[in-house]
Amino acid sequence: MTAEFDRSTRFGTPLAFLQIGVDRLGYLHDLYGEESRQEILGAINDLLRRSTRSSDLLGYPEGDRILAAVPHIEGEHANFLAERLVSGARGLTFEADGRTLRITVSIGLIHTADGVESFDEMVVLARESMTTAAEKGGDRYLRAVKPVPETRGPSQPAAPNPSPSPTSGEPQFTDVLLAESLRQALSGEGSQAVLAKELLAKIMSEVEDRFQNSSGTGDSRHELLERRVAKLGDMLSRTEAQLRDVLGPKADQGISSVYHDVQGLNPEESNVEQKKELLSALFDANLRMKKIIEEDRSSSKS
Amino acid sequence: METMTNSKKDHGVLYLGIDLGTSRTSVCASNGERATLSSFVGYAKDVVSRKSLGADILFGDDALAKRMSLNLYRPLSQGVIQEGADTSHGLGDKAGNLRAAADLIKEIIARAKPRKDELVYAVIGAPAEASIHNKEAILDAARGTVDSVMLCSEPFAVAYGLDMLDDVLVIDIGAGTVDLCRMHGTMPDESDQITLTCGGDFVDRAFEERLTATLEGARFSARMVKEAKERYASVADDMEPAMVTFPVNGKPTVFDVTEQLREACRLIIPPIVEGLGKLVASFDPEFQDRLKDRVLLAGGGSQIRGLDTAIEACMQDMLGRGKVQRIEEPMYGGANGALKIAHDMPAEYWEQLK
């Protein structure tokens, strides 16, 4: 990837770099095991290959992330690619423990047009953008912007192109009314009481929204944790049982029958024929009883 | 036991003889193991009792000793799985008794220490008068634990175990019932068997009634009465004095209950001899005397001292003659015989009953 970046710099060809992380992959791993984790990462890799020109793609997994360098792609098209990946991941489904799993991804994106000077810088900025996207709830991409030198602060990923989400978008109608009321009050045209009333309504609405959002998140998190605890409890029980088998005192295997090789009547007994008849009669009686019971059961079923 | 039934069974066969009794359940196994336990099953009442007992289920005397913390079942009262309430020992619902019977059978089989890799074939001595539903319940209970199972009447198992198959009268005195059976070389049918209800529990009740009537102010429980009976039971004129200690107004007091106990124990003799007389009377006249001279006394109740000679004396009076032989191991007589049947039974029969 470093060579590709150098080539891009030397010949002035565009290059996009993406870091893709599956949201809450750690939880999924704990709940459904390593196999599911590998399956998910494999599916993301496939999605990445399907969404790009495979001859151009350079990608490899690193831990729980997938790094991808896509050469010869303009900045705007890189945004479209990231958006395709985000929406494509939403459509993926997996089966684990009889449940259907759906996933989302967070993507940190950077492009050579953004003014990066080294491959290492590109990697750092993409990672920070991916982390920020994940912290904002995931299921989105963030395109990194190289920090302005005057700020001298740590490089901060900007979010010029967040994936459309339910929380972003046009100002709401109440906000417009509120702004108009505020303008009128400040210019002396409107009533301060009206402004206060509208402000209060706005605040109450925001508080309710936040409360609903936070309680919903809490429930799902609680459920997730409960499932995780149950899963870990099962694993613990199995491990304990295995440890008992390996380390514990040897369980009583039982005692072998002394009649292991000798069974049936002794032909040398004086009354062997009589015993045969008795045993046969006893067997017949038991067989009859078995049939009666079976017939009784089948008739009661029907 | 789940693992037992799932594992590959290529080691061989373990034969079990089981005597499923009202008072005691015994097993004799072809691996040399034998075990007996009181037919009580107790389930922990709640989480606290489960914690203090360290187990969900207790069996036998352990269950009886900790009965305050348990829902106690005696599933085989009067020799059959009880379908109604067992008022003498708390809970006794049908489902509970069936579950307790299944757990009791599972426990007694576990005490025979079967290997996981061997087949288990069992013969269970069931009361002669058990109904088809009762036998079905016993079979269902056993099938969860063994690979193939047969039922046989308890007196038949005793006679088979002693190799006395011709012209024998068997008296099997259990806690719930007394089974009388006539063996004449073939499988005994209904006309060869008589079941009386004057077993050990009957003697306990009669003894308790006499104690209540004669020991003024003494306090005692059914269990204390049973313990005294098991220690001193005798019908002999010169029996050992039965001295028991019961509280009177909270003070331990010693009582001589010899006479009350002897009277209670003797109550079972007339009905037994009367039953024997019926079985003798309906037999071939030519062989009646031989039948009277070959009477086997088995079961827990046969441990009453002097009972064999007392029955002989009564037979002399009522039937003209009689010779009674007490079996050597009353606790295991039925189980030993059942084991012998299990072992002698051809392998193909076991296969067909799986």
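The values are calculated or read from the model by the stated rules, or taken from the named source; none is laboratory data. As the structure is a prediction and not an experimental result, all values here were calculated from the model. Don't worry about glycine lacking a Cβ; one is built from the backbone with ideal geometry, like all the others, and counts go over all protein chains shown.
Tabulated data for the structure shown
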| quantity | calculated |
| --- | --- |
| Every residue from region B:23-59 that is within 13 Å of residue B:334 (Cα to Cα) and not charged (D, E, K, R) | B:25, B:26, B:27, B:28, B:29, B:35, B:36 |
| Subset of region B:95-129 that is in contact with a Gly (Cβ under 7 Å, 6 or more places away or on another chain) and closer than 21 Å to residue B:178 by Cα - its residue that is nearest to the other protein chains (Cβ to nearest Cβ) | B:123 |
| Options A:109, A:101, A:81, A:15; residue that is in contact with a strand residue (DSSP E or B) (Cβ under 7 Å, 6 or more places away or on another chain) and surrounded by fewer than 17 Cβ atoms within 10 Å (Cβ to Cβ) | A:101 |
| Positions within region B:118-140 being over 18 Å from residue B:335 (Cα atoms), in a helix (DSSP H, G or I) and of a type in the set (A, V, I, L, M, F, W, C), in sequence order | B:132, B:137 |
| Residues of region B:171-184 classified as within 14 Å of chain A (Cβ to nearest Cβ) and not in a strand (DSSP E or B), total | 1 |
| Complete set of residues in region A:286-301 that are more than 7 Å from every other protein chain (Cβ to nearest Cβ) and not basic (Lys, Arg) | A:294, A:295, A:296, A:298, A:299, A:300 |
| Test result for residue B:13, within 14 Å of another protein chain (Cβ to nearest Cβ) and at pLDDT 85 or above | yes |
